[in-house]
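Heads up, the thing below is written out as structure tokens.
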Amino acid sequence: MGLKFFADHCISNSIIQGLLNAGHEVFRLRDHIPIESPDSIVIATAQRLDSILISLNGDFIDKLNYPPGNYKGIVSLQVRNHPEIIPQLMVRLINFLSSYPDMEYYKGKLILVEVNRIRIRE
């Protein structure tokens, strides 16, 4: 089995399906907590499920409120109100994930997925 992800409520079925097709496990927020749960509960649930949080929510890139070192990993898809770039982001993300298939690699990292690059903050 591949990596384990906890998909925030803003993550579309196509993104989830892309991760599943690449051999990863994905927990959907709606299956574990109410959709309107605050961000602190969302990220705590990802931790409880021993998963990497994947989100479009820009709040999770705030290193003061969500220091990467405290979590099993945060992947932030940088869509910036351009949903048409999601297929390109997914290609970049899936290629990256295949290069780093170990859950331990993501611990303590914030991974920002952009069309032209991936940035990693610790």
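We did not get these values from a lab; they are worked out from the coordinates using the rules stated. Everything numeric here is computed off the predicted structure, so don't read it as measured data. With ideal geometry, Cβ positions are generated from the backbone for all residues, glycine too; neighbour counts draw on all protein chains shown.
Taking the range 10-48 as the region of interest, how many residues are in a loop (DSSP other than H, G, I, E, B) and under 11 Å from the mean Cα position of the chain (by Cα)?
Step one: of the range 10-48, the residues in a loop (DSSP other than H, G, I, E, B) are 10-12, 22-24, 32-38.
From what's left, under 11 Å from the mean Cα position of the chain (by Cα): 10-11.
Of the residues in the range 10-48, 2 are in a loop (DSSP other than H, G, I, E, B) and under 11 Å from the mean Cα position of the chain (by Cα).
Give me a count of the residues in the range 108-122 that are touching a strand residue (DSSP E or B) at 6+ places or on another chain (Cβ under 8 Å) and under 8 Å from L77 (Cα atoms).
First, the residues of the range 108-122 that are touching a strand residue (DSSP E or B) at 6+ places or on another chain (Cβ under 8 Å): 109-113, 118-122.
When the remaining residues are screened for being under 8 Å from L77 (Cα atoms), the result is 112-113.
Number satisfying all stated conditions: 2.
Can you tell me which of (1) closer than 19 Å to E104 by Cβ; (2) part of a loop (DSSP other than H, G, I, E, B); (3) touching a strand residue (DSSP E or B) at 6+ places or on another chain (Cβ under 9 Å) is the one I54 doesn't meet?
Result: I54 fails condition (2) only.
So if I check each of S51, S76, S37, which one is surrounded by 20 or more Cβ atoms within 10 Å (Cβ to Cβ), farther than 25 Å from N116 by Cα and not hydrophobic (A, V, I, L, M, F, W, C)? Outline the logic, then answer.
Working: S76 fails: farther than 25 Å from N116 by Cα; S37 fails: surrounded by 20 or more Cβ atoms within 10 Å (Cβ to Cβ).
Going through S51, S76, S37 in turn, the sole match is S51.
Step by step: first the residues of the range 54-73, then only those that are among the aliphatic types (A, V, I, L, M) and surrounded by 19 or more Cβ atoms within 10 Å (Cβ to Cβ), then the one that is nearest to V42 (Cα to Cα). Which residue is that?
Pass one, the range 54-73, residues among the aliphatic types (A, V, I, L, M): 54, 56, 61, 64.
Next, from what is left, pick out any that are surrounded by 19 or more Cβ atoms within 10 Å (Cβ to Cβ): 54, 56.
Working: I54: 10, L56: 13 Å.
Across the range 54-73, the extreme among qualifying residues is I54.
Within the set of pairs 6 or more residues apart or between chains, which connect a residue that is at positive phi inside the range 85-112 to a residue that is part of a helix (DSSP H, G or I) and surrounded by 12 or more Cβ atoms within 10 Å (Cβ to Cβ) with Cβ atoms less than 8 Å apart?
G108/P68
Within the range 51-97, how many residues are acidic (D, E), more than 15 Å from I120 (Cα to Cα) and over 14 Å from the mean Cα position of the chain (by Cα)?
Count: 1.
Taking the condition of being closer than 21 Å to L49 by Cβ and of a type in the set (G, A, S), how many residues in the range 70-122 meet it?
Looking only at that region, the number is 3.
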